[in-house]
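Structure first, then comments.
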Amino acid sequence: MSRRPDAAARAALRAYREAPLGDRLHVLVRWLTCPFPPVVEVLPSKGRVLEVGCGHGLFSGYLARRSPGLQVHGVDIDADKIAVAAAAEPLTGGRLDFAVGESGSVPEGPWDAVVLVDVLYLLDEAAQRSLLGSCASVLAPGGVLVVKDMATRPRWKAGWNAMQEALSVRILKITEGSPEFVFTDPDERARWLVAAGLEDVRARRLDRGRVHPHHLLVGRAPR
């Protein structure tokens, strides 16, 4: 799985050229360490997509550039990150926008897709399940819920990831959220998606050649 930025990624990264150095470095490292392309591939190419917990907006910006038929809306509880994301937004011609959201809240739909990328571990297990249920409830008929998060296996990758997140959240304060992390087994999250009424729930590992236990879950709302 190549880490080399494709044309859409290069454009998305260039959008931060006026951002503070720390933010530019953060989005670059984010691209290098997170497998964005396979997440985009399971999303629709047309319609309305909501990203919950968008941070600096890199994934949303990449998605909007990869799929010109999409209208992408990103929300995050961190107002400073949303300000950085919004400053880069005009380069996408108005197909991308950002807003500050309240923790645990989800903008009203219907959305053709809702995506969360490395968000759930910052919540306790009950809040994770509640948020996924809220995301499922705002999907349009046939819409997809896409969850890219970290798995609990293999253990050495999970341990490495937990150590890195502790540095980011507790020491460097890069990421908003609880200082206690809850990495839930993907099989358990898959059961939550089924309980939320989603169908055709599929799982896929994305960690080949990477030191982090990336994992993807996709569920579809009934038509």
Apply 1/(1 + (r/R0)^6) to the Cβ-Cβ distance of Ala158 and Glu108, taking R0 = 41 Å, and write down the FRET efficiency to the nearest 0.05.
0.70
Matching label for the computed mean projected area of the Cα convex hull in nm², out of [x] 12.4; [y] 10.8; [z] 24.9, is [y]
Summed over the other residues with a beta carbon less than 10 angstrom from that of Ala11, with K and R at +1 and D and E at -1, the charge totals +3
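For region 7-220, give the share of DSSP beta bridges that are antiparallel, in percent and rounded to the nearest 5; count only bridges with both residues there.
Values: 12 of 34 bridges.
That works out to approximately 35 percent antiparallel.
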Which one of Ser130, Val117, Pro38 has its Cα pushed farthest toward the positive end of the charge dipole of region 7-220, where Lys and Arg give +1 and Asp and Glu give -1 at the Cβ?
Pro38
For the residue pair Glu41 and Arg10, what label-to-label distance in nm results when each label sits 7 Å from Cα along the Cα-to-beta-carbon direction?
2.1 nm
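Grab the Cα-Cα distance for Ser134 and Arg24, subtract it from 0.36 nm times how many residues apart they are, and report the gain in nm with one decimal.
36.4 nm
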So if I place +1 on the C-beta of Lys and Arg and -1 on the C-beta of Asp and Glu, and nothing else carries charge, what would the dipole magnitude of the chain be about its Cα centre? I want it in debye, nearest 20.
1020 debye
Length-normalised contact order for region 22-95 - Cα pairs under 8 Å, 6+ apart - percent
31 percent
Search the structure for amide H atoms under 5 Å from the amide H of Leu123, placed 1.01 Å from N in the peptide plane, and list their residues when 5 or more places away or on another chain.
Val182
Add +1 for every Lys or Arg and -1 for every Asp or Glu among the other residues with Cβ under 10 Å from the Cβ of Phe98, and state the total.
-3
Under 8 Å for C-alpha pairs, at least 6 residues apart: give me the relative contact order for region 75-137, rounded to a whole percent.
31 percent
When only Cα pairs under 8 Å and 6 or more residues apart are kept, what is the percent relative contact order across the chain?
18 percent
Give the residue from Ala83, Gly53, Gly94 lying farthest towards the positive end of the charge dipole for region 44-99; charges sit on Cβ (+1 for Lys and Arg, -1 for Asp and Glu) and the dipole is referred to the Cα centre.
Gly94
May I have the pair-distance distribution P(r) for region 42-123, computed from all Cα-Cα distances with 5 Å bins from 0 and rounded to whole percent?
3, 17, 29, 27, 17, 6, 1
Using DSSP to call loops (not H, G, I, E or B), can you name the trypsin sites (Lys or Arg not before Pro) in region 49-131 whose Cβ has at most 16 other Cβ atoms within 10 angstrom?
Arg95
Charge context of Thr184, other residues only, Cβ under 11 angstrom, K/R +1, D/E -1
-3
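Coordinate-derived values only; no laboratory data. The model shown is predicted, which means the values in this text are computed figures rather than measured ones. FYI the Cβ positions are ideal-geometry reconstructions off the backbone, even for glycines, and counts take in every protein chain you see.
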